[in-house]
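A short reminder: the numbers here are calculations on the coordinates, not readings from a lab. The structure presented is a predicted model; accordingly, all values stated were derived computationally and were not measured. So basically every Cβ, Gly included, is an ideal-geometry build from the backbone, and we count neighbours across all protein chains shown.
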Amino acid sequence: MKHISILGSTGSIGRQTLDVVRKYPDRFRVRALVAGTNRELLAEQVDEFAPEIAVLACGTPGNGFTTGRDAVIRAATLPEAEVVVNALVGSCGLLPTLAALDAGKTVALANKETLIAGGDLVMRKVREHPERLLPVDSEHSALFQCLAGHRLADVRRVIITASGGPFRGRSAEDLEQVTIEEALRHPTWSMGRKITIDSATLMNKGLEAIEAHHLFGIGIDAVDTVVHPRSIVHGIVEFSDGSCLLQASSADMRLPIQVALSWPERLPGGAEPLDWQRIGSLEFEPIDHEAFPSVGLAFAAARRGGTYPCVLNAANEEAVNGFLRGRIRFHQIPAVVEDALAAHEGIPEITLESVLEAEEWARAHARRRMEAIG
């Protein structure tokens, strides 16, 4: 039996992780639960799973919950837990990831911002034992599965697929009139608000490219993205001899979660099997970089390295929050990010201190930029 801590238990990934635990109660036991603000749902989860500790990170103490950053770190380093599922949203996931790895845990990572902001810091800690960092995102899980048993030296490139989001086929001019409700209407996946907006701007594909660059030790120019509207193929690995391996499955996040929790074993029943006789054609198309400039901004930040990806991520978080609060329009999200990257004076060799300072600077700069726009 594997004992797990779940950070972000009331979010979409956290709830689906608990679905996997319910399905295999003899294989997994929950030892710690961490939520952000959803006290009611956390209380229900505690009643059902009886963890040793329950943390309401952004709440006030009471009802058996501890609060604050130190409590989150305690959950991430709980001696009884072997695996930490990090499903927190945003760059707040970095410190718990580092703490869990320092404590010898295996981290099942759904918090992509951990590797965007502090990829070098994280990968240093798993250099000798890369199996201690397992991807949960569907795209990275797909690449992970395709790469298993193969030499990295034989890989020409990895390709991340994108559904295209709710605005696939729309022009840059069309996107100037997008409403919050339209941006939150994703055609394939059910996710939290911030991640859904990233999917609408396609910033999520740029962030995932940076994550793949760190996670698999592949140069950013060997990472590519392609639009695949049906979301059947989640990742492709192209080898130096021209052959490709791809991972395909129904669009169900419980499958990559289950893969990460059970690896190297595979448990049955992760997703509804595909009916290959009825699928028909699989369509792929390039990303429209004029309509969705966020992807290019992410690749540019990755090529510059150092603290630039951290600034990209923090400015984007602020800009998405600004859009959801009605402070800026949808098409102004990448403009805020681009302005922050242009104004930033990067630090090439990152430390935890430089990452935290760059993040604070980027958030303040993005807020000032949105005030000027407003």
Comparing Ala335, Ala32, Ala319, which has the greatest mean-square fluctuation in the GNM of the chain with Cα pairs linked when under 10 Å apart?
Ala335
What is the set of long-range amide H partners of Asp224 at a cut-off below 5 Å, with H atoms built 1.01 Å from backbone N?
Val158, Ile159, Ile160
Share, in percent, of DSSP beta bridges within region 138-303 that are antiparallel, nearest 5:
70 percent
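If I take R0 = 35 Å and measure r between the Cβ atoms of Cys58 and Arg156 in this structure, what FRET efficiency does the formula 1/(1 + (r/R0)^6) give, to the nearest 0.05? Don't skip to the end; give the middle numbers.
Values: r = 44 Å, r/R0 = 1.26.
The pair Cys58/Arg156 has a calculated efficiency of 0.20.
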Dipole magnitude (debye, nearest 20) for region 2-136, charges at Cβ of Lys, Arg, Asp, Glu
240 debye
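If Lys and Arg each add +1 and Asp and Glu each add -1, what is the summed charge of the other residues whose beta carbon sits under 14 Å from the beta carbon of Arg168?
On the way: positive: Arg170, Arg185, Lys205, Arg230; negative: Asp174, Glu182, Glu283, Glu285, Asp288, Glu290.
Net charge around Arg168: -2.
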Antiparallel DSSP bridges in the chain: what percent, to the nearest 5?
30 percent
Using Cα-Cα distances under 8 Å and only pairs 6 or more residues apart, what relative contact order does the chain have, in percent?
15 percent
Roughly how many whole Å is it from the C-alpha centroid of region 245-264 to that of region 315-374?
33 Å
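When averaged across all projection directions, what area in nm² does the alpha-carbon convex hull of region 238-364 cover?
On the way: hull surface 50.5 nm².
Across all orientations, region 238-364 yields a mean hull projection of 12.6 nm².
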For the pair Leu324 and Ala148, the simple spin-label estimate (label points 7 Å beyond Cα toward Cβ) gives in nm 3.3 nm
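On a 28 Å Cα-Cα criterion, which of the cross-link pairs Lys125/Lys205; Lys23/Lys105; Lys23/Lys125; Lys23/Lys112 come out too long?
Working: Lys125/Lys205 25 Å; Lys23/Lys105 23 Å; Lys23/Lys125 32 Å; Lys23/Lys112 26 Å.
As for pairs spanning more than 28 Å Cα to Cα, those are Lys23/Lys125.
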Positive-end extreme of charge dipole, region 146-198 - chosen from Leu147, Ile159, Thr179 (charges on Cβ)
Leu147
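Quick check: convex hull of the Cα atoms in region 14-142, volume per residue, rounded to a whole Å³? Intermediate values should be presented prior to the final figure.
On the way: hull volume 14.0 nm³, N = 129.
Hull volume over Cα atoms, normalised by residue count, gives 108 Å³.
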If you stretched the chain out fully between Leu356 and Arg39, how much longer would it get, using 0.36 nm times the residue separation minus the C-alpha to C-alpha distance?
111.3 nm
Taking a virtual spin label 7 Å from the Cα of Leu245 along the C-beta vector, which residues in region 142-165 bring their backbone nitrogen under 19 Å of it?
142-161
Report the label-to-label distance for Asp26 and Asp252 in nanometres (one decimal), using points 7 Å from each Cα along the Cα→Cβ vector.
2.1 nm
When N counts the residues of region 138-303, how does its alpha-carbon radius of gyration compare numerically with 2.2 N^0.38 Å, as a ratio?
1.05
Taking 0.36 nm per residue of sequence separation and subtracting the Cα-Cα distance, how much length would be gained by fully extending the chain between Asp70 and Trp276, in nm to one decimal?
69.3 nm
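Which value, in debye to the nearest 20, describes the size of the charge dipole of the chain about its Cα centre when Lys and Arg Cβ atoms bear +1, Asp and Glu Cβ atoms bear -1, and nothing else is charged?
Values: 38 positive and 49 negative charges, 118 e Å.
Using Cβ point charges on Lys, Arg, Asp and Glu, the chain gives about 560 debye.
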Which net charge results for the neighbourhood of Glu272, defined as the other residues with beta-carbon distances under 15 angstrom from its beta-carbon, given Lys and Arg at +1 and Asp and Glu at -1?
+1
Return the FRET efficiency for the residue pair Met1, Glu131: r is the Cβ-Cβ distance, R0 is 22 Å, and the value is rounded to the nearest 0.05.
0.70
Mean projected area in nm² (Cα convex hull; one quarter of hull surface) for region 150-242:
7.0 nm²
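Run lengths n ≥ 4 of DSSP H only: what is the helix-derived mean residue ellipticity at 222 nm for the chain, with -39500 (n - 2.57) per run over all residues, to the nearest 500? If you can, show how the numbers build up before the last one.
Details: 14 runs with 159 residues, N = 374.
The helix contribution divided over the chain gives -13000 deg cm²/dmol.
Using the Kirkwood radius over Cα pairs, work out the Stokes-Einstein diffusion coefficient for the chain at 10 °C and 1.306 mPa s, in µm²/s as a whole number. Each step should come with its number before you reach the end.
Numbers: Rh = 21.0 Å.
Roughly 76 µm²/s, to the nearest whole number.
Can you check what the net charge comes to around Ala364, using other residues whose Cβ is under 12 Å from the Cβ of Ala364 (Lys, Arg +1; Asp, Glu -1)?
-1
Can you give the Kirkwood hydrodynamic radius for region 305-374, in Å, rounded to one decimal and based on Cα pairs?
Working: mean 1/r = 0.0849 Å⁻¹.
Answer for region 305-374: a Kirkwood hydrodynamic radius of 11.8 Å.
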Over region 305-374, relative contact order from alpha-carbon pairs under 8 Å, at least 6 apart, %
50 percent
